[in-house]
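Report on one structure; see the data block that follows.
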Amino acid sequence: MALAPSTREEIEKLVRDNRVLLFMKGNREQPQCGFSMQVVRVLDQLLPAYSTFDVLSDPVIREGIKTYSEWPTIPQLYVEGQFLGGCDIVKEMFENGELQQALGVAGSGGAAPATCKVTVSESAVQAFRQAQSRAEHPDLRLGVDARFQYSLGFGPRQPGDVEVEIGGGMKLLVDAASARRADGVHIDATPSPRGPQLAITNPNEPRVSQMSPSELKALLDSGAPIHLIDVRTEQERERARILGARLLDARVRGEIEKLPRDAKLVFHCHSGGRSQRAAREFACLGFTDVHNLAGGIDAWSQEIDPSVPRY
């Protein structure tokens with residue numbers, strides 16, 4: 001079936017504007033088919049941020065991408081404008097390390113380190129023992145994805161699992177992709193009216209520093225190399241902006257991802273919430289000098305430059 005020029009143009013723009021793009025059923029948070037879910041799980045182990053397109057929301061794109069890629073099924077993964085494949089191919093590439101190389105995250109996933117140190121308090125071990133008696137699988141599992149979101153529960157053993165003794169005769173299994181991120185984790189449990197509340201402390205979690213408006217002003221005045229990134233919408237930027245800030249679109253994101261990992265990055269939004277999340281994503285990519293403008297452009301307007309309109 002011939003692909004309509006308008007559909008081809010739309011697909012090409014999507015592929016061009018997103019470095020890593022998964023055409024799938026549903027979205028990253030809520031996959032709507034098992035194959036899409038499997039690819040999301042693989043990507044979540046490797047990348048803190050990537051783009052998805054829900055083909056269920058657009059029947060024209062749903063059929064058009066099959067013709068465009070010459071591939072009959074969904075999901076479909078594109079990286080740097082290149083079609084990599086569907087579910088089975090993505091999983092195979094992950095297992096042999098080719099996907100990590102294509103994504104530029106060589107060393108993530110794949111074979112686990114020989115050891116992974118995880119400490120668990122006595123109260124947490126007791127809580128796990130109580131839960132174990134009600135679980136379908138006896139093995140306790142810990143997962144840490146690329147966004148440093150945690151999964152902790154009982155499930156079957158998997159090839160490549162790292163086994164950790166946590167006391168009281170219990171063992172904790174850590175999957176291969178999580179082992180490096182989990183090394184040094186401490187798990188504790190505190191009593192509450194609703195039962196034990198678990199707390200995970202991880203020294204590997206990426207850190208985002210808070211930068212005050214006055215500190216940002218001094219840094220800009222000094223002429224020191226800095227990348228100031230605005231994560232608001234284009235409409236907000238038209239209303240108010242900080243001189244020198246760049247809007248975080250697909251092109252700017254791609255440029256930032258190619259910077260040395262010690263580049264100084266400062267993110268801002270209206271009040272600091274959205275920029276904190278964006279800053280954390282880049283910290284998860286390995287950037288080590290990442291900051292969030294505390295209070296956002298609203299604080300900048302109040303403390304530094306009242307000519308910047310407030311909204």
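The values are calculated or read from the model by the stated rules, or taken from the named source; none is laboratory data. Predicted model only: the values in this text are computed from it and were never measured. Using ideal geometry, Cβ is built from the backbone for each residue, glycine included, and neighbour counts are taken over all protein chains shown.
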| message | Return the pair list, or none, for Cβ contacts closer than 6 Å from residues in region 143-159 that are in contact (Cβ under 8 Å) with a residue 12 or more places away in the chain to residues that are of a type in the set (G, A, S), at least 6 apart or on different chains. | response | G143/S151; G143/S178; V144/S178; V144/A182; F154/A135
| request: Confirm whether E10 is at pLDDT 95 or above and of a type in the set (D, E). | output: yes
| message | Whether any residue in region 202-213 is exposed (fewer than 15 other Cβ atoms within 10 Å of the Cβ) and part of a helix (DSSP H, G or I) is what I want to check. | response | no
| said: On the basis of being at pLDDT 95 or above, assigned by TED's automatic domain parsing to the domain that holds P59 and more than 15 Å from V55 (Cα to Cα), does Q32 make the cut? | reply: no
| task | Note down all Cβ pairs under 6 Å where the first residue falls in region 47-62 and is closer than 16 Å to A102 by Cα and not assigned by TED's automatic domain parsing to the domain that holds G254, the second is among the β-branched types (V, I, T) and crowded, with 19+ Cβ neighbours inside 10 Å, and they're at least six residues apart or on different chains. | result | Y50/V20
| query | Can you pull out the residues in region 254-291 that are under 26 Å from D145 (Cβ atoms) and touching a Gly at 6+ places or on another chain (Cβ under 6 Å)? | reply | R261, C269, G272
| message | Show the residue pairs meeting these rules: Cβ distance below 6 Å; 6+ apart or different chains; first residue within region 68-90 and closer than 20 Å to E9 by Cα; second residue of a type in the set (V, I, T) and in a strand (DSSP E or B). | response | V79/V20
| said: Anything in region 190-245 that is touching a strand residue (DSSP E or B) at 6+ places or on another chain (Cβ under 6 Å) and under 27 Å from R129 (Cα atoms)? List them, or say none. | reply: T190, P196, Q197, L198, A199, I200, T201, N202
| query | T115 passes all but one of (1) at pLDDT 95 or above; (2) more than 20 Å from the chain's Cα centre (by Cα); (3) over 30 Å from R194 (Cβ atoms); which number fails? | reply | (1)
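Residue-by-condition table, conditions (1) modelled with pLDDT under 95; (2) closer than 22 Å to A124 by Cβ; (3) part of a loop (DSSP other than H, G, I, E, B); (4) outside the structural domain of D262 (by TED's automatic domain parsing):
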| position | (1), (2), (3), (4) |
| --- | --- |
| E165 | yes, yes, no, yes |
| D188 | no, yes, no, yes |
| G195 | yes, yes, yes, yes |
| L216 | no, no, no, no |
| L228 | no, no, no, no |
| note | When region 44-68 is checked residue by residue, the ones that are at pLDDT 95 or above, crowded, with 18+ Cβ neighbours inside 10 Å and assigned to a helix (DSSP H, G or I) are V55, I61, G64, I65, K66, Y68
| How about region 230-303: which helices (runs of 4 or more DSSP H) wholly inside it have at least 3 residues that are closer than 26 Å to K13 by Cα? | 234-239, 250-257, 273-284
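This table checks each residue for (1) part of a helix (DSSP H, G or I); (2) surrounded by 15 or more Cβ atoms within 10 Å (Cβ to Cβ); (3) polar (S, T, N, Q).
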| site | (1), (2), (3) |
| --- | --- |
| R129 | yes, no, no |
| A146 | no, yes, no |
| G153 | no, no, no |
| P159 | no, no, no |
| How many residues, within region 11-32, are without any contact (Cβ under 8 Å) to a residue 60 or more places away in the chain and surrounded by fewer than 16 Cβ atoms within 10 Å (Cβ to Cβ)? | 5
| Restricting region 167-181 to residues that are in a loop (DSSP other than H, G, I, E, B) and touching a residue at least 12 places away in the same chain (Cβ under 8 Å), the residue that is surrounded by the fewest Cβ atoms within 10 Å (Cβ to Cβ) | G168
